[in-house]
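The values are calculated or read from the model by the stated rules, or taken from the named source; none is laboratory data. Just so we're clear, the structure is a prediction, and the values are computed from it rather than from any experiment. Cβ placement follows ideal geometry from the backbone for every residue including glycine, while neighbour counts extend to all protein chains displayed.
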Amino acid sequence: MIAIIDYGVGNLFSLKSSFAAIGQEAVVTSDPKVIEAADRVILPGVGAFGDAAQKLRQSGMAQVVKDQAAKGKPIMGICLGMQLLFDKSCEYGEHEGLGLIHGNIRPISEIIKRGLKIPHIGWNALIMKKESALFKYLSEGDCVYFVHSYYAADCDENTTATAEYSAELTASVENGNVYGCQFHPEKSGEVGLNILRAFCEI
Amino acid sequence: MITKRIIPCLDVKNGRVVKGVNFEGLSDVASPVELAKYYSSCGADELVFYDITASAEGRALFTDILTQTAKSVFIPLTVGGGINTVADFDRVLKCGADKVSVNSGAIRNPDLVYEAAKLYGDQCVVISADVKRVDGVFRVFAKGGRVNTGMEAIEWIRRCVDNGAGEVVLNSIDTDGVKGGFDLEMLDAVCQVVNVPVIASGGAGKIEDFLTLFKALPKVDAGLAASIFHFGEVKIADLKAAMKDAGIPTRL
């Protein structure tokens, strides 16, 4: 069973449906016992980092995620959920993340060519940087769906794939049993479902 | 590099797709769920569901259909039609829509875009504008293109984007239904003033029209069409292969 952590941000409908589509039971929950009993954990998120990080702490879910990560359970952060796994973000002030992956969340405006549209929105091809269990069913150049204005920086060591948007933006990261996708696998068609499928087989 | 998106638009009335649809192998061609699955499997990058129902029963059917679609199709879904309040945003987002497109609702209530963007994020709010030339000036039309609001269109679209609209669908009434190609002049005028994705709508009749669009206006992000896809005049798989061959960034 997969626990999708509910801490009051974002629409979890598609995420839950996409696990159902690949024959996996997923529950949206904020119950530490359910999360403890789950085989895998998904940390979702949309919106602003500061607000989400605060909700994650206030709900007690920050500690739960850290405990599960320490136990070696596979955890995947998606979009803002991936960013929350990092040390800190500078989105509207400085905010602390979970520190499960080293690096910082910075505005894409700092590295992309001026005049390019922000957010980085749409389908973009994955450029594989490292082997990852998540890529089990993927091929180089497969496209996934992105929507974000901030990106993970200073994390080359943990970056498994990037996407080109005049600069290379971190698309996915991995640190042991902790995984993160900047893009939305639940909105990335068959490629996205295959990433979730691979995650369920870790 | 971000790929250019191809977006089929489905008009839904009382839970059924209207406008003739003619596909082999689809058991129920008027089922939005079946059509959505079909398009998704052909390589559509996104789907737009447009609710043209007037009745409350029809609206309930629509949200039901939307929920079923969102359960089985895993590409971005945009919903439009009858979006007049923040409560309407809430209703369709809860059913699995990713973006909500507003047209007449934003004309009637200029604060709607701002309020929705603040609540759900800019990326969630799409401004859809029906625009027509009147005495050489681009004007915004309301009520499905029937009523001239008298507002100058380019400035109005720019203002909506300033208020938080994260995407623009520009439907040219002048080229709509003519099948002679997209309205490049009008699209260019919009691309000059906004820095969010612009989706071209109205006028596509053949594959070459999309190639011309993306070659002539690199700032346009997507092409939207309805009947040419529904009638099979343009097959999405063929279109995307042609885009790839023409060197246009395409997701295959």
- Message: I need the strands (runs of 3 or more DSSP E) fully contained in the stretch B:128-232, keeping only those with at least 3 residues that are within 19 Å of A:Gly122 (Cβ to Cβ) and either modelled with pLDDT of 95 or more or within 14 Å of chain A (Cβ to nearest Cβ) (or both).
- Response: B:167-172, B:198-201, B:220-225
- Query: What number of residues in the stretch B:81-121 are in a helix (DSSP H, G or I), within 20 Å of B:Ala142 (Cβ to Cβ) and small (Gly, Ala, Ser)?
  - Reply: 4
- Message: On the basis of being charged (D, E, K, R) and more than 14 Å from every other protein chain (Cβ to nearest Cβ), does B:Arg91 make the cut?
- Response: no
- Where residues in the stretch A:115-138 are within 11 Å of another protein chain (Cβ to nearest Cβ) and in a loop (DSSP other than H, G, I, E, B), which of them is surrounded by the most Cβ atoms within 10 Å (Cβ to Cβ)? A:Lys117
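For (1) touching a Cys at 6+ places or on another chain (Cβ under 8 Å); (2) at pLDDT 90 or above; (3) closer than 25 Å to B:Val234 by Cβ; (4) not hydrophobic (A, V, I, L, M, F, W, C), each residue gets a yes or a no:
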| residue | (1), (2), (3), (4) |
| --- | --- |
| B:Ser27 | no, no, yes, yes |
| B:Val33 | no, yes, yes, no |
| B:Cys42 | no, yes, yes, no |
| B:Ser55 | no, no, no, yes |
| B:Thr63 | yes, yes, no, yes |
- Note on the structure: Of A:Gln58, A:Gln68, A:Gln63, A:Gln54, the only residue that is surrounded by fewer than 19 Cβ atoms within 10 Å (Cβ to Cβ) and more than 29 Å from B:Phe89 (Cα to Cα) is A:Gln63
- Task: Working only within the stretch A:165-187, note down all residues that are over 25 Å from B:Ala97 (Cβ atoms), outside any strand (DSSP E or B) and within 12 Å of chain B (Cβ to nearest Cβ).
- Result: A:Tyr165, A:Ser166, A:Ala167
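In contact with a helix residue (DSSP H, G or I) (Cβ under 9 Å, 6 or more places away or on another chain), under 27 Å from B:Asp98 (Cα atoms) and basic (Lys, Arg): which single residue out of A:Arg57, A:Arg106 fits that description? Talk me through it step by step, then tell me what you get.
Values: A:Arg106 fails: in contact with a helix residue (DSSP H, G or I) (Cβ under 9 Å, 6 or more places away or on another chain).
After applying the criteria, what remains is A:Arg57.
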- Would you mind finding the one in B:Lys206, B:Lys219, B:Lys240 that is farther than 23 Å from B:Gly166 by Cβ, among the basic types (Lys, Arg) and out of contact with any Gly (no Cβ under 6 Å at 6 or more places or on another chain)? B:Lys206
- Out of all the residues in the stretch A:21-51, which are within 14 Å of chain B (Cβ to nearest Cβ), closer than 21 Å to A:Lys73 by Cβ and in a helix (DSSP H, G or I)? none
- Query: Any residue at all in the stretch B:110-118 that is surrounded by fewer than 23 Cβ atoms within 10 Å (Cβ to Cβ), touching a residue at least 24 places away in the same chain (Cβ under 8 Å) and within 14 Å of another protein chain (Cβ to nearest Cβ)?
  - Reply: yes
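Go through A:Glu164, A:Glu157, A:Glu96 for me and flag whichever is in contact with a helix residue (DSSP H, G or I) (Cβ under 8 Å, 6 or more places away or on another chain), at pLDDT 95 or above, among the acidic types (Asp, Glu) and more than 29 Å from A:Ala20 (Cα to Cα). Even if it seems obvious, please write down each step before you answer.
Details: A:Glu164 fails: in contact with a helix residue (DSSP H, G or I) (Cβ under 8 Å, 6 or more places away or on another chain); A:Glu157 fails: in contact with a helix residue (DSSP H, G or I) (Cβ under 8 Å, 6 or more places away or on another chain).
Exactly one of A:Glu164, A:Glu157, A:Glu96 is in contact with a helix residue (DSSP H, G or I) (Cβ under 8 Å, 6 or more places away or on another chain), at pLDDT 95 or above, among the acidic types (Asp, Glu) and more than 29 Å from A:Ala20 (Cα to Cα), namely A:Glu96.
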- Task: Give me the pairs, please: first residue somewhere in the stretch B:176-195 and over 10 Å from B:Leu217 (Cβ atoms) and surrounded by fewer than 19 Cβ atoms within 10 Å (Cβ to Cβ), second residue anywhere and modelled with pLDDT under 95 and hydrophobic (A, V, I, L, M, F, W, C), beta-carbon distance under 8 Å, and either six or more positions apart or on two chains.
- Result: B:Lys179/B:Ile228; B:Asn195/A:Ile118
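If only one of B:Ala204, B:Ala225 is without any contact (Cβ under 8 Å) to a residue 60 or more places away in the chain and in contact with a Phe, Trp or Tyr (Cβ under 9 Å, 6 or more places away or on another chain), which one is it?
Values: B:Ala225 fails: without any contact (Cβ under 8 Å) to a residue 60 or more places away in the chain.
Criteria check complete, one pass: B:Ala204.
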- Task: Scan the stretch A:117-125 and give yes if some residue there is modelled with pLDDT of 95 or more and basic (Lys, Arg), otherwise no.
- Result: no
- Kindly establish whether B:Lys71 is surrounded by fewer than 23 Cβ atoms within 10 Å (Cβ to Cβ) and at pLDDT below 90. no
- Message: Condition check: in a strand (DSSP E or B), among the aliphatic types (A, V, I, L, M) and in contact (Cβ under 8 Å) with a residue 24 or more places away in the chain. Does B:Val12 satisfy that?
- Response: yes
- Task: Among residues belonging to the stretch A:139-152 that are outside any loop (DSSP other than H, G, I, E, B) and free of Cβ contacts under 8 Å to residues at least 60 places away in the same chain, point out the one that is farthest from the other protein chains (Cβ to nearest Cβ).
- Result: A:Tyr151
- Checked the stretch A:57-109 for anything in a strand (DSSP E or B) and closer than 22 Å to A:Asp31 by Cβ; matches are A:Ile75, A:Met76, A:Gly77, A:Ile78
